[in-house]
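In what follows, a structure is listed as structure tokens, so that the remarks can point back to it.
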Amino acid sequence: MSKTVSHVQWFLTPYCIGMKLRGLRTEKRLTLARLSEETGLSTALLSKLETDRMTPTLLTLATICRVYGVGLGHFFCEPTEHSLSVTRRVASQGRGRSTDGSSRIPLNPGVPDRRMDACLVDLAPGGSSTEPEIDNAHALLVYVLDGRLHLDVAGMRETLETGDCAYLESDLPLAWGAAGKQRCRLLTVTPTRQVHAPEAEAN
């Protein structure tokens with residue numbers, strides 16, 4: 001049986017009041033029992049508020065605010081931005097395959113004004129190290145999903161195993177390749193290349 005959501009709950013959901021309450025308590029290193037002593041509210045009530053099983057009244061929220069030293073605005077500040085992009089069935093999208101059997105699948109294509117580019121990279125086994133086809137690779141985060149990766153930076157080699165992660169900020173030459181006889185699958189994240197409009201000439 002589906003749970004009915006009231007209009008008030010629906011309206012307050014974007015403010016994540018329960019999550020913020022739990023975050024404040026964790027930050028202050030208080031137990032529910034200690035917070036109960038400080039506020040005079042029961043632990044059962046506080047637990048329901050933190051897990052969004054109950055909507056707090058303004059009086060209750062003000063009582064909790066007093067203990068944490070924050071104002072009501074902490075819970076009701078309007079979000080300035082929100083963007084969610086979902087790419088379905090990434091593993092089945094074999095686009096971007098090169099002549100050596102490698103492939104590169106963008107995970108967030110078509111998202112306007114995005115701040116980062118994420119890709120699923122599949123490197124063929126036995127190939128020599130090649131320069132990554134990544135824009136703005138001066139900053140790079142790479143996570144090895146499967147296989148082993150040779151990461152070469154200006155002739156210095158690091159070998160990453162499955163589950164290893166590397167973060168790199170460098171303008172040195174970069175190359176990579178699958179190590180051994182197995183394919184190597186990677187998740188890469190880089191900053192989006194910023195394109196600046198030309199400045200208008202002064203008269």
Legend entry - Sequence-distant residues sharing a close amide H with Thr162 (under 5 Å, placed H): Gly147
Legend entry - Rg in Å to one decimal, and Dmax rounded to a whole Å, for region 103-182 via C-alpha atoms: 12.8, 39
Legend entry - Surface per residue (accessible, 1.4 Å probe) for region 1-67, Å²: 69
Legend entry - Phi to ³J(HN,Hα) by Karplus 6.51 cos²θ - 1.76 cosθ + 1.60 over region 141-153, Hz, x for Gly, Pro: 10, 10, 10, 7, 7, 7, x, 10, 10, 8, 10, 10, 10
Legend entry - Theoretical gain in end-to-end length, Ala166 to Glu78 [0.36 nm per residue, Cα-Cα removed]: 28.1 nm
Inset, instruction - Using 0.36 nm per residue of separation minus the Cα-Cα distance, give me the extension gain between Asn108 and Val70 in nm, one decimal. - result: 10.0 nm
Inset, instruction - Hey, can you grab everything whose amide H is under 5 Å from the amide H of Ser102? Only 5+ residues off in sequence or another chain; H modelled, so Pro and N-termini drop out. - result: Ala124
Legend entry - Carbon + sulfur, % of accessible area of region 138-193 - ligands and nucleic acids excluded, 1.4 Å: 53
Legend entry - HN-Hα J in Hz across region 20-29 - Karplus 6.51, -1.76, 1.60, θ = phi - 60°, x for Gly and Pro: 5, 4, 5, x, 5, 5, 5, 5, 7, 6
Legend entry - Thr192 long-range amide H proximity, modeled H, under 5 Å: Met116, Asp117
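The values are calculated or read from the model by the stated rules, or taken from the named source; none is laboratory data. Since the model is a prediction, treat every value here as computed from it, not as a measurement. These area figures cover heavy atoms from the full protein model, side chains too; ligands, DNA and RNA do not enter into them. Shrake-Rupley method; radii C 1.70, N 1.55, O 1.52, S 1.80 Å.
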